[in-house]
Structure formats: C-alpha cells, structure tokens
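Worksheet for the structure shown next.
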Amino acid sequence: MGWLEEAWLAAGIRSANELAARMTGDPAWPETVKIKPRSFGNRLRALDQHKGHEWWERRAALISLLAAQIQREPEDLKNAIAEDRRFFGETTDATRWELDRLGLLYPLRLGKDELPPGLPDFLARPGRWYITTWWQATDRRSCELVGRWLAARGGVHFLTGDTWDEVKGALPREGAVLALLAADARDADFVDAVEDPALDLLKICVAAPFPWGAGSDDNGDPLWANLESKPLVRVTRDLVEWINARTRSREPLLDPATPETVASIVEQLCDGPVEAVDALVSLADLGAVTGDRFEARAQHLRAYLERLAARLSSTNDRVAAWVASDAADVLLGLMRELVGAGLDFIGQGLPRERWAALIPGRGVSPENIARARARAAAGKKGKPRNALRAVEELLEPAELQTLGMLEDAGLLTRTSARLLELSPRWLGRLVHRVTIREIVNGQSASDIGALLFQDTLVELVLELLLDEVVTQGAARLIGLARRFSNPPSDTNTTAFHEACFRVLGLACVEGSEITKSEARTAWKLQLRTLIPGGPAGLPLPAVVLGTPTTVRLGSDAMFYLAASALSLAFDFDDPRLPRDQLQVALAGAPNALARTTRDALRSGALGLIARLTQSIVFSKGGQFPDLAGASLAAVVYVLVGGGDKIRNVPPATLQLVLDTVDGIADPERPPVSG
C-alpha cells in the first residue's frame, strides 16, 4: 500500500477508480483536461507507485481537486508530490535516460551503456569509495544521471533531498550511497555530519552545487575528500565522438573538424557533460555549430523553441502553440528583468512567486474582466459549471498563466520544493548571453556600465566589448564615451569609460588597429577617475570590476597592461600613469593571462612585456628587478606552466621572451629588436 492509497482509504474512498470517478465528475474539473475516468485511475495508481510526478506538477488544478478529496491542503499535497519525486525519481522507463529534449539521440540504457565523457572516473567505481567524498557539481542533470546509472547497476542507493536532514533520514544502514543535495542546503552546518555514527558503515558521496564547508583537519585538509569534475573543454573531442555514436540519424550530428566551436559552446553554456550533450545536439540540429567560435543569437532561441513546439505537439497542442508563438519573447523579457534586478539565476533557482513578479504584463486585463462578466451572466441561463470554469480561467493573473505555460513546456522546472529554474539550463544561459549582448550593443553608456557592477557579468561584458573593437573597430564605443563624457553623469558611466579604456588597450595588445584620436579619448576619460592606492605608487581605476576569483579581463594587472599598450603604441606619458612605473605593475599579468582563453591576448601580452623589459631594464642598468620578475614569470608560464596553450604562441614571440631572459641574465648584452 502506497502513500496515496493510505490517504484515499483514510478519506473513506475504496479504490483509485472510485477516486477517479469522484474527481472527473466534480464541477470544478477543468475542461482543458481530457481524460477518461479509467485512464485517470491509472494516473492515480502510478502516483501512488512513485511515478508520473511531472504530469501532476503540470496540472495544479487537479492537485487541488485531489487534495479536497483526500482532505489535505493543496500546498501540502503539492509539496508531498515534489518530495516523492525527489526521492524516487521521475522516469517513464527506469532503465533508460533521455539525453536531449528534441529526441535526436537514442536514450542511454542505464544498465548497459557507459556514461558520457567528462565525469570523474571515481564515480563509476563505488567499490573504491573508501572515504566520505564531496562532489561539487553544478550540473544537476549530470548528478541525476550518475545516480540513476549507479542505482540501475545495483549496489548503490541514490538519494536526493533539499537538506542534509532529508537525506540523512533516508540513509540505509550500510552500503554505498550517492546523495544529491539542492541549492537550499547551502547554508546547512555539515560539521556534525563528519562525526555522525550513521555514516560509519556507509560509503557515501555527496553531490551538491556548492563547495564543502565543514572545515579541515589539523593538517589543513578537508574532513571529507573533495572530488572535482573534469574540465569539459578537455574532453570535447570525446564528447563529439560519443554523441555521434548515439545519433538516430544516418549522418553524424557533429563535425569532428570543429573542436574550437564545440569548446566555445561548452565554455559559454554548459556546466557538465549531460548539459553539454543536450546543448551540442540541439545547436547542431539548428546548424549553429560552425565557424571558429559560437555566438549566442536570438535566432538560435527561436529556432530551438520551434523544434521543441513540434515535439510537444504530439502530447499538448495548446502548450506547443504557445511555445511556438510566445515563449521566445517571454523568456527574453523575463531575462531582461532578471539582469536588471541583478539576480544570479544560474544554479540558484528562484521561488515561484519571485518568478511571477519578474514576468512582464502582470494582472488581469480589462478585456478578460469584461469577458468574465459576460460569461458569468451567460452561465445563469446555461450551464453554470462550464461558466464557473471559464470565469476562473479568465480571471487568473497573466503572470500565473505564463508561469503555468513555462512549467507545462518544461522551460521552468523545480530543483527543490521551493525553487524553480529555467530549463534546460544551457538554454537559460543562451538567453542570458543574448540579453547581455542586446544591452551591450545598445546606445546607453549607463546601461552598459550598470552591468559592470554585477560580478558575474564583468568578464562577459568586457569580452563582448573587446570582440567588438577587434572585429568592428572602436568608433561606436568612443562615440558613446564622448556623448556621456562631460561630466560623467553617474558611476555607471564611469564604469563604461573604464571599460572603453581597457578594451582599447587590450585590442592594441592583440594587434588590432586603433586610431590615435580614439586612444586619446579613452586615455583622457580614464585619467579623470583614477584614485590612489595602486602598486609602486601608481593609481587605481575608480571602479573595481568583479572580484579576485571572477576577473580575468577585469583584473588590475589587465588595467595596467592596457595602459602600457596605449602608452607604448601612441607615445602617451602622463605623471599620473608614468610609463616606467606602469611596467612595474605588470608582475601580476601572467596570472591574469593564465585564466584567459584569448590566444591573441596571451601571446601579444608576452611580447609586450618582453619588449618593455628590454627597453627599460637594459637601459636603466637593471634598476627594475620587479619588472624583470614579471617577464621571467611570463616566460616560465608559457614554457613550463602553459600546457597546451604554448602551441598558440607565435615562435617569434617565444624567441623574443627567451632573448629577454638571456638579457636579464647578462645586463651587458644590448637589447634585441622586435
């Protein structure tokens, strides 16, 4: 006897069929749900057996009807269904896993097929789980697949929960356990879990979208072992091969000759391999996996939603029609609100009421109010039951109708009983990048600058601005900077001026053409907003971009690199940014360069550092040892620590920095040209 059967028996209902007959005969039964009583009885039995959760979660009106029949509060029943789903998993086939939303790949046979590349090898060998392990993984779908895959092969219990207490209450006495926690558990105290005797006989791996936070032992090591996922960009070729082996079509979906594009998609949109498989397959079907680098466009969103609507049409024409006609504009409008509110939606999720508050076009329209009155009046003469349903639908606030559609289409899904997120997550990121690009390409310096005060957006905004200068020139940005220059209207505009200064200087480092007039404008605007406190007596930019853990292009080292490039290229020299002292501040440049994926910036910066080292250290008789250290650090990074990045550095640059090292070792040696 399952949990739902216990509830209906306690309410005096003898069977699922009797409950189905009562509910389908209720005057409040929604007209939009077409199902026979016997089939609906099967739905009730499936829910009692921990199946079919998504069908119910897409039909809130039926949950309310069911709650009334079994004498429970609708919200309590809704949470019970969500909890049941988290612990027992939602699946139409316990032996298979659908890899992509569009159905372009064969499902993964959990008991036979291997997991996609990119997951830690440790997970597939639970027999080696000798120590309690913490796996930080933000791709929830990858965690769920691993759990289902291990459970299907036997020997591992897969548990999910919003909190550690939920998981702890379901732990077996012994054996191996993979426990997936939701973002809601982020603030929990895991210190007690370390000494919990309930774990003594267990081999347990906890997967969570946040890092371990319960302290270290006397040696400074974490009390639980940390498990790291493989960087996806290192397994893109393997992913392409794995995907092509599973495609339903006769031809491969992905061209093995486009590794740069695949790596670009993975880097921009994906957290884990399961997410990457869905993204790559879907975008390949749209013809978007071409060229050297992927750029998220609104047309990709609309084309994907058209294909999704076609797939949904076989089960729900109404939702499919909405997805095809309205979903793209709703998602773009919703994302604009998210960005404007400064909300970091990726991996966090938001409560349903927060999503509703962000949806544009809220409330009940005057037209629907008039229709509801007319329908109510007509119901007095006709069928009151049908009139009541129609009035309820007409008076439902627009934002709740839109939320319902997003949920029915699977574009907004639950990550816990409290939180929902855009789904698939890679599509949410695509919409996010499209929205940021639209703002960056706009005509408001203040709007662009406002983005730079959101730590998670700094690198993306600077990347887009730098790409624009490199490919299209700096005319548009400098035009905006001049229009909003005297005086700076707000801190947002100040941030925009600093961004212009950075990207023009870094474009010079990459070898792009910048006019002296454009460079002078950026230089003068930047000089107005410097503040004291930098290295070697140098000033700092007034606006701090990002945090030390999030910035690459936004780092102080990149600021001084940009200043050095403009100073050297256009012979700018000012007491506030003296050229000799600028070079001293480049000691941190190699660290920033190590985190960037821009090969042209990396190699150009190494060459610039080497040339400046020659021109200053040699001419000054070695009076700037910090600068010599910067050049040496750059060379060590390229030749020793750079790994596969070294293949993209031109040989001439490598020779230049090697000659520079020789010169530092022998100060009597004259500078080498180049």
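The values are calculated or read from the model by the stated rules, or taken from the named source; none is laboratory data. As the structure is a prediction and not an experimental result, all values here were calculated from the model. Virtual Cβ from ideal backbone geometry, glycine too; neighbours counted across all protein chains shown. Heads up: the accessible areas ignore ligands, DNA and RNA and are worked out on the full protein's heavy atoms, side chains in. Shrake-Rupley method; radii C 1.70, N 1.55, O 1.52, S 1.80 Å.
What the table below lists for this structure:
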read-out	value
Given (1) without any contact (Cβ under 8 Å) to a residue 12 or more places away in the chain; (2) assigned to a helix (DSSP H, G or I), index of the condition V544 fails	(2)
Helices (runs of 4 or more DSSP H) (entirely within the range 426-531) containing at least 3 residues that are closer than 23 Å to F294 by Cα	458-472, 491-509
Test: residue in the range 266-286 that is among the β-branched types (V, I, T) and assigned to a loop (DSSP other than H, G, I, E, B)	no
Single residue of G333, G342 found to be open to solvent by less than 60 Å² (accessible area, probe 1.4 Å) and assigned to a loop (DSSP other than H, G, I, E, B)	G342
Residue check for D184: part of a helix (DSSP H, G or I), at pLDDT below 80, among the acidic types (D, E) and under 24 Å from the mean Cα position of the chain (by Cα)	yes
Check on F484, within 17 Å of S444 (Cα to Cα) and among the aromatic types (F, W, Y)	yes
Qualifying helices (runs of 4 or more DSSP H) (wholly inside the range 17-70; at least 2 residues being under 17 Å from T315 (Cβ atoms), free of Cβ contacts under 8 Å to residues at least 12 places away in the same chain and more than 33 Å from the chain's Cα centre (by Cα))	37-48
Whichever residue in the range 263-294 is touching an Asp or Glu at 6+ places or on another chain (Cβ under 9 Å) and more than 25 Å from S142 (Cβ to Cβ) and, among such residues, is surrounded by the fewest Cβ atoms within 10 Å (Cβ to Cβ)	D292
Enumeration of residues in the range 30-42 that are touching a helix residue (DSSP H, G or I) at 6+ places or on another chain (Cβ under 9 Å) and surrounded by fewer than 18 Cβ atoms within 10 Å (Cβ to Cβ)	P30, E31, T32, V33, I35, K36, P37, R38, S39, N42
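To keep it simple, each residue is scored yes or no on (1) open to solvent by 50 Å² or more (accessible area, probe 1.4 Å); (2) aliphatic (A, V, I, L, M); (3) part of a loop (DSSP other than H, G, I, E, B); (4) out of contact with any Asp or Glu (no Cβ under 8 Å at 6 or more places or on another chain).
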| residue | (1), (2), (3), (4) |
| --- | --- |
| L123 | no, yes, no, yes |
| R148 | no, no, no, yes |
| H157 | yes, no, no, yes |
| K168 | yes, no, no, no |
| A176 | no, yes, no, yes |
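Listed here are the residues, each with its yes/no results for (1) in contact with a Ser or Thr (Cβ under 9 Å, 6 or more places away or on another chain); (2) open to solvent by 10 Å² or more (accessible area, probe 1.4 Å).
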| position | (1), (2) |
| --- | --- |
| A225 | yes, yes |
| R246 | no, yes |
| T258 | yes, yes |
| T261 | yes, no |
